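Data block below; observations after.
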Amino acid sequence: MAQLIAALDYTNAEDALATAESLRGCPIWMKVGLELFTHEGPAVVKKLKDMGFKVMLDLKMFDIPNTVAGGVRSACLMGVDLITLHALGGERMIHAAVDAVRQNAEEGGPKPLLFAVTVLTSMAPGELPGYGENLSGLAADLAAGGQAWGLDGVVCSGHEVEAIKSRCPGLMCLTPGIRPASGSASDDQRRIMTPAQAVRIGSDFLVVGRPITKAPVPADAARAILDEMEKA
Ligand code: C5P
């Protein structure tokens with residue numbers, strides 16, 4: 001069964017925790033990304049964990065192997081459940097991240113899932129020099145590399161899930177760019193699909209931000225998405 005992750009893209013912990021509080025008890029993960037983490041730091045992650053949520057730390061790490069390994073170790077210390085990095089960091093960077101998680105687990109710490117971004121879902125064909133229309137091909141190549149290097153999964157567009165899963169059996173797919181059928185704006189996302197479509201094509205995690213955070217009642221919007229996923 002696919003999991004829903006609410007992207008808490010707020011500046012303040014107060015707003016983020018109010019939305020989380022209203023969803024306590026729902027089968028939903030929380031995502032802490034650049035906006036919230038840069039302003040509030042590890043304290044907000046701890047509060048979400050104390051509320052009982054699984055937390056995705058979406059900092060999309062992309063740096064030299066030693067620096068990424070250090071970032072991953074620090075994320076492990078926070079007790080997050082899923083960490084993101086960029087597949088474009090390549091083999092040695094991904095290996096360093098995988099080794100950092102393994103070492104943390106061997107020392108008795110948690111073993112968060114490691115997912116790498118393939119191609120951002122906000123990117124449209126033609127926007128990446130050298131790749132023309134073939135963003136899906138690049139996403140699949142990066143996913144295959146990532147699986148060989150020991151990742152648990154990749155972040156990709158829903159439109160790429162089937163191709164990635166047939167080429168990389170066992171690799172999990174996490175899909176942002178999700179817009180409920182009931183008329184949400186696509187915002188800056190370009191390669192989007194509905195929650196029901198994403199579940200049907202086999203996505204393991206659906207990340208939804210603005211359709212929840214900008215809704216008049218965020219918890220109602222999240223519950224409607226969970227309902228759409230269950231019926232898919
Ligand atoms: O508001 P929206 O639903 O577009 O938010 C999507 C969330 O997923 C954002 O927090 C964004 O950072 C994240 N994300 C993404 N594309 C990726 C990886 C993460 O949109 N490739």
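Would you check which residues across the stretch 202-217 are touching a strand residue (DSSP E or B) at 6+ places or on another chain (Cβ under 8 Å) and not charged (D, E, K, R) and list them? Residues satisfying the conditions are Gly202, Ser203, Phe205, Leu206, Val207, Val208, Gly209, Pro211, Ile212, Thr213.
Every test in (1) at pLDDT 95 or above; (2) in contact with a helix residue (DSSP H, G or I) (Cβ under 6 Å, 6 or more places away or on another chain) is passed by Ser74 save one, and that test is (2). Cys173 satisfies every condition listed in (1) more than 11 Å from the ligand (Cβ to nearest atom); (2) assigned to a helix (DSSP H, G or I); (3) hydrophobic (A, V, I, L, M, F, W, C) except (2).
Condition check for Gly70 on (1) within 19 Å of the chain's Cα centre (by Cα); (2) farther than 28 Å from Met229 by Cβ; (3) of a type in the set (Gly, Ala, Ser): one failure, at (1). Can you find a residue that is charged (D, E, K, R), away from the ligand (no atom under 15 Å from the Cβ), over 14 Å from the mean Cα position of the chain (by Cα) and modelled with pLDDT of 95 or more anywhere in the stretch 146-160? Among the residues of the stretch 146-160, not one is charged (D, E, K, R), away from the ligand (no atom under 15 Å from the Cβ), over 14 Å from the mean Cα position of the chain (by Cα) and modelled with pLDDT of 95 or more, which makes the answer no. When the test is whether a residue is within 17 Å of Ala7 (Cβ to Cβ) and in contact (Cβ under 8 Å) with a residue 40 or more places away in the chain, Arg210 passes it.
Taking each residue of the stretch 175-193 that is within 12 Å of Gly209 (Cβ to Cβ) and at pLDDT below 75 and looking for partners that are within 7 Å of the ligand (Cβ to nearest atom) and of a type in the set (D, E, K, R) with beta-carbon atoms closer than 8 Å, six or more apart or interchain, yields Ser184/Arg210.
Here is the figure for the stretch 192-217: residues that are in contact with a helix residue (DSSP H, G or I) (Cβ under 7 Å, 6 or more places away or on another chain), of a type outside the set (Val, Ile, Thr) and more than 8 Å from the ligand (Cβ to nearest atom) total 9. Can you name every residue in the stretch 176-232 that is part of a loop (DSSP other than H, G, I, E, B) and of a type in the set (A, V, I, L, M, F, W, C)? Hits for the stretch 176-232 are Ala181, Ala185, Ile192, Ile201, Ala215, Val217, Ala232. Taken over the stretch 125-167, residues that are among the aliphatic types (A, V, I, L, M), under 21 Å from Val98 (Cα atoms) and in a helix (DSSP H, G or I) amount to 7.
Among the residues of the stretch 119-134, those identified as in contact (Cβ under 8 Å) with a residue 24 or more places away in the chain and either surrounded by 14 or more Cβ atoms within 10 Å (Cβ to Cβ) or closer than 15 Å to Cys173 by Cβ (or both) are Val119, Thr121, Ser122, Met123.
The values are calculated or read from the model by the stated rules, or taken from the named source; none is laboratory data. Please read these numbers as outputs of a predicted model, since none were measured by experiment. Using ideal geometry, Cβ is built from the backbone for each residue, glycine included, and neighbour counts are taken over all protein chains shown.
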